[in-house]
Structure formats: structure tokens, C-alpha cells
Amino acid sequence: MHRNRLNFALKETKPSDWARFEQFASAFLSSEYPAIRTMAHPSGDEGRDAELFSPEGETTVMLQYSVAMAWDQKIKGTAKKIKKNFPHVTDLIYVTNQEIGAKGDEVKKTLRKDYKLRLDIFDKNYFLDRYEGDDHRETVAASFARDIADPILERDQVLERRPQKLSPNESRAALVFLEMQWEDDTREKGLTKLAFDGLVKMALRNTSSNELMPREEIHKSIIETLANQDQKTVIDETNKSLNRLTKKIINHHTINGADSFCLKYEEYERLREKLAENAIQNRKLKEEIKKILRTIFPASMIPSEDVELALCDICMLSIEKFLLNRGESFVHAINNGQMDKIGFEGLVEITKVMLNDYDKTPRTDALLNLLAAAVERVLSSPSDSINHHIKGLADSYTMLAFLRETPDVQAAVKKIFSEGEIWLDTSAILPLFAEELLDEEDWQFKKLIKAAHSAGLKLKVTSGVIEEVERHMNRSIACSLNIGTNNWNGSYPYLFSFYIASGAAPSAFNSWVSKFRGTARPEDDVADYINEFFQISMDNISEEVESVDAAYRIAVKEEWIRIHEGRRTNSNSDNMLALRLAEHDTENFVGVISRRRQKSDIAFGYTSWWLTLDQMAFSISSKVNTTYGGRPQPSPVMSADFLSNYLSFGPTRNRVSKDSNAGLPIALDPALVSYISPELVQIADSVRASSAGLDEYIIRRRVRDALDSARRRIGKITQNGLSLGLAVGDAS
């Protein structure tokens, strides 16, 4: 008996299961309370289900068993009856499958005040915390789980609860079992072995010694999952997996010369435990979505529980569709050599399709934007309780996308570089400083960069990037000193915007920046800081730039000049600034191409890449190759989203721990790469002024909440990546 199955059984206990729960609870409590007496009677129990026998006279302790979701009302109703029928009772023990915890404090006060009753609550966690280590309780718990949980875990009832519109049942089963296999296996195991071991377990999930599955049926099940793949390869890999798993977790039987298989009992039980855990995590995800919906949507748009459930289902479908697209985009990039961003672009359209499929009634743009905002929040900033599950879902979709392209996943990922260097753009450096304002569990880019270093990648920047970062800090300081005056024109710099959005006081910005640099040699300080804390070293790439054909260099530079001048059409920035920024971007772009000294016919075999969040960088290569008369050059640009997937699936995945992998971002939070508008700054100032005299941490929380609310009212989905260059264009 494992905790997850008991947990799942308690969560799945329905009102119709009340008698079974009472039987379970009474038996469970009997080892601790041998004096317990069940009082259920056809004529009624007068408000109590059990009582503790007292040889000294009338009992003073009574128990109520209940599976009611409205537990507070049930407790008050029970107390009223007990006080009327048994005025001598002093204690009520409320026993429930619900999770109550500290939420029961108020009703305890009410019972003391109104009914002179002391209340003790034995909720779900009471059973989970006490069943282990006691043979009697373990037996009682196992019996309860078999009766309530196992019928749901068996015969795919859990799998059928997954979103229905993305794939047939076998594919949904494949996703769940690939996710579980991904979690179970070591990082050293090859991806092809990992995938087929998961698919074999999927095929055998309902087998036992009394219900064997012939080899041919296993082949058929996996072939149906991997439709359109070479059947011989699928069969060969399936047979290899059967050989690996036989005797370890599979029993092999030969009947009349035919091979049949089943899961060993221990593995069958373990898989049910894992399915229960997966179902619990999926439930937590739905609860998280509901919580976000209540935060984002006006109450008038969620008039009933049915509407809330419908919106939750649409969000779940949109999340899974987004993850499917993300996985397919990554695999397409590997197989076709074309790097694309895998961000939140198109999320509104995905939500629109899911909404129309779910309900053909036309809906408003406001509804679509709010739903897409909810999905974006779940994906970019999942809570600690669901973060691991969301990443597991994302990785299982990517694995399934690989399998649908080729059964030999390991061969596919060998196309990717296994060692190399990544040069970081200014847009990829500034978020590292910004995230210093966040708690560690909210880090995204810092986790990504630290994992890249763990994977053995060399991280580098040019002196031009260091110059841009330092100038951006200078401009942010100037903005902080002139905010709210006529002395400041233009947008607020990114770093200062992020600082304001964190709720911090503008007047303290200069002091905060001093953590990263001084006044005597600020550029050296910035370089030292990112080297010490992120192992990002500064290097010279100018000689490599000069070795590239002059016509190609000029073509690249002209494109960057056009981009930076276009960003300054409505600003007072001079053309010299645009030229300087274009020179830095050209140095990175062309220099990385030059450092690819090895000849490679495989796009992702190159070992030098340029990491940037500037989405305009992705269009440079195709534009230059169109106008440039020489040999086309493959793009050196890598997105942060691609890097995150590379660290999970690339040849160096064994160097990234499971915990580090689980913390990698699925798609970067747009707040990391967006401006804050003057209107939002005014809201922050207003909240800070109205909160004067309160503790600083309270003020910061109020500012953050107010800005979140204001952003939601805007109702627009911020694109992941930079349409305007992460304020770097205004950095110097």
C-alpha cells in the first residue's frame, strides 16, 4: 500500500461512497481508539455516527463521519443536533476525506462560542500521516484503496479523463506512460530505450498472470500509437524492450509455442501507484487553473460552477495543444535544420480553436484574451505544486513528437551538438540581473543558464554586450532619478521597469544596481559579476568577424541598422546609437558564423551559437541570404526555448540532473522580456503613496498585486521574445 493510492482513493470518494468511508474510518480509528462504538441505526443516529465508550458514565466524545464537500456547514449542523440531543457532550471529532487543515480554525471558534463544544478534525492528511507502520491500518487502507481507487485506475478510466480532442486513446495512454517513464529512468538511458520501455508498459498496463498479452498484440498496440512509422523498426525496438524488461518487471510465458507477456505483480501495483500520482497531479493542475481563472476573470463571467468547469477544460485543452505544438516545433527544427521560436505566439488562436471545438457558440475577443492569459500564466509561472507535472507533460509531448517522426529517437538527437559555446546577447544577460528581484523558485532564465553550464556548454559574451549592459544600467538610473518629471522622455528601460514591477521603491534603484557594479570600472564589474555567478566569460570575437567576406558582413550590418533605426522612429535617440548597436549585433551574428570552423552538413551539428531574445534576429539570415550573392550561411541564432528543450533531450542531457531539468522553463514568462508602461508606473506610485507607513514587504506585495490586476484589465497576451529589443535599443 502506497501513499499516492490512498490519497487518490480519499480524493475520489463520492457522496455515494459514504457507507464505505464510514466503515474505513471506524476500522482505521479502532487501533487508536479501542473504545469507539458505531451508532448508525436505521431509525437515525441523532447527529453522531460513533462515540467513545466511557465506563464512568455518559460519553462526552462523539464522532461524525462525512464525505460532504461543504464540510463547514456539515460540522455546524452536526454540532447543533448533538447539543440538542446530548447536552453533556464536550468534544466532537469530525472525520472526513476532505483536506481541511488550518481552514477549520474558524469553525472551531464558532463551536466553542455557540455550542460549548471542542472540535477536532481528522481530515485526509490524518489518514495519510498515520497509516504507515501499523499493520492493522495498512490493511484497512489497502482494502479501502482497492475498493475506491483501483476500479478507476484500471481499464483506463484515468486516461480517459485526459483531454479528448488531441489524440485517440492510445496516444493519451502513451503520453501518460512516457511521462512516467521519463520520471522513473536514469538520465544515462538512451532516449529510444526509454521511449519503448514506456510504450511496452503502456501496452501491458492491464495484464496479469491471469490475463496475458501475446507478442503480436503488443506490436499492434505500439504500431497504432506510432502510426505511419516503419513497422519493422517499431517491432524490432519493441522486441528489444521486451527482452530488456523480461524477468525485471515482465513475466514471459510460452503457450503452445506462442509468446505472451504480463506485468509482474509488483510492477502492476507500482504502475497503479504511479497512475494515482499522475491523476493527483492532474487534479492539482486543474485546481491551479481554477484559481487563476478566479483571479483573472471578473466574477460576472463565471456565474456558476458549470461555467468554471467548462473554462477549466478549455484551458486544459489549450495547454496540451500548446505543448503538442512546442514538441513538434522542436523536432521539426532538429529534422529540418530550421530554428524557430517556441514561445507564446499563437496562443490566442490555439485557445480560439479549443473554445470553438468545445462550444460552437461564438465568443468575444475579451473572453479569448482572458483564457489565453490564464493559459500563459499556468505555463510561464506554474506554482511549486504543479511545476514538475507541467514540465513532465511538456517532455512527454516532445518525446511523442520524436517518436512520430522516427522510432529511433536516439539517432535523431545525435544530430545535435554535444559540446560547444553559446554567445549571449544583451537581451539574454539583462534578465539574469532582473531575476535577482525574484525568489529562487521563480527564476527562469537563471535556471536555464545554470543548467547550460552544467551541461558543459561554454557561455561567452563580447565586450560590446558588456558595454550595452552597463549603459542600460546607467540609463535605468537616470530614469529612476527623473521619473515623474518632464526631464525624462521615451520609454522606461527594461531593468528599471522590472524593478518597479517587483514593487520596489524607485528611490532605492541606484542602491540596488550597486550590487552589480561600482563607479570606477563599471564595465569590468559587470563582466566579473556574470563570470563569478553564471560562469559567463568575456571573449574577443573581432578577428573572426574580419575573416568573413566583407560583402556578407555589410549585408548583415545593413539589416541590423534598418532594425535599430526602425525602433527609434518615434524617439529622440540619435542615429549614432542605432549604428553602434547594429555593430554589436553584427559582431555577434557574423563572429559566431566564423567560429563554426568545422564543416557540417547537419544544421545543429555546429558548436557555436548566438542566444538572443530579440525575435528580429531570426529573420536576418533569410533576408541576407536573399540579397547576398555568395554562399548562403545557416543562421547562428538560438532561442531560449530551444535551449531549454536541448538541455532535456540533447546528447548532454545526462549532465543535467532531474531536479534541474524539472525547473527549466517551458516558455519564458513574458514579464521577463517586456516593458512597463508609464500608466503602470503611475499605478505603482499611487499604491506606494497610499501605503505609506506600512512595512516595505507589504507595500511591495500591494504594488505587485495592483500591477498584475492592471495588466489583466489590458487583456492582451504579451509576446514571448522581443518585438522591440528588450529596451536594449535605448540602453546606451
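FYI, it's all coordinate maths here, none of it is from the lab. No experiment lies behind these values; they were computed from the predicted model shown. All Cβ positions, glycine included, derive from the backbone under ideal geometry; neighbour counts span all protein chains shown.
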Query raised in the report: How large is ³J(HN,Hα) for each residue in the stretch 86-103, as worked out from phi by the Karplus curve 6.51 cos²θ - 1.76 cosθ + 1.60 (θ = phi - 60°), to whole Hz, x for Gly and Pro?
Result: 9, x, 7, 5, 10, 10, 10, 9, 9, 10, 8, 8, 6, 9, 10, x, 5, 5
**Report entry** Relative contact order (percent, whole number), the stretch 3-148, Cα cutoff 8 Å, 6+ residue spacing
**Finding:** 26 percent
Query raised in the report: What percent does the relative contact order of the stretch 156-268 come to when contacts are Cα pairs within less than 8 Å and at least six residues apart?
Result: 26 percent
Requested in this report: Counting residues in the stretch 299-430 as N, plug N into 2.2 N^0.38 Å and put the Cα Rg over that result.
Outcome: 1.26
Query raised in the report: In percent, what relative contact order does the chain have, based on Cα pairs under 8 Å that are 6 or more apart in sequence?
Result: 13 percent
Report summary line: From the Cα centre of the stretch 242-296 to that of the stretch 486-540, the distance in Å is 49 Å
Query - Label-point separation, Glu106 to Glu154 (7 Å along Cα→Cβ), nm - result: 4.3 nm
Report summary line: Expected unfolding gain across Glu305-Asp236 under the 0.36 nm per residue rule, minus the alpha-carbon gap, is 19.9 nm
Report summary line: Using eta = 0.692 mPa s and T = 37 °C, Stokes-Einstein with Kirkwood Rh from Cα pairs puts D for the stretch 376-499, in µm² s⁻¹, at 183 µm²/s
Report summary line: Computed on Cα atoms, Rg of the stretch 74-136 relative to 2.2 N^0.38 Å comes out at 1.25
**Report entry** Convex hull volume per residue in cubic angstrom - Cα atoms of the stretch 435-514
**Finding:** 112 Å³
Report summary line: Non-local residues with an amide H under 5 Å from the amide H of Phe122, with H modelled 1.01 Å from N and Pro and chain starts lacking one, are Tyr94, Val95, Thr96
Report summary line: Non-local residues with an amide H under 5 Å from the amide H of Leu611, with H modelled 1.01 Å from N and Pro and chain starts lacking one, are Trp423, Leu424, Asp425, Met638
Query - Principal axis box of the chain, alpha-carbon based, largest edge first, Å - result: 97, 81, 51
Report task. Alpha carbons only, please: Rg and Dmax for the stretch 156-268, in angstrom. Result -> 13.7, 42
Query raised in the report: What order do you get for Thr398, Thr627, Thr607 when you list them from fewest to most C-beta neighbours inside 10 Å?
Result: Thr627, Thr607, Thr398
Report task. Mind checking the full-extension length gain between Gln682 and Leu481? Use 0.36 nm per residue of separation minus the Cα-Cα distance, one decimal, nm. Result -> 70.9 nm
**Report entry** Helix 231-245 vs. the chain, principal-axis angle (Cα, 0 to 90°, nearest 10)
**Finding:** 60 degrees
Query raised in the report: What percentage of all Cα-Cα pairs in the stretch 3-148 are separated by more than 27 Å?
Result: 19 percent
**Report entry** Other-chain or far-sequence residues with amide H under 5 Å of Asp259's (modelled H)
**Finding:** Arg215
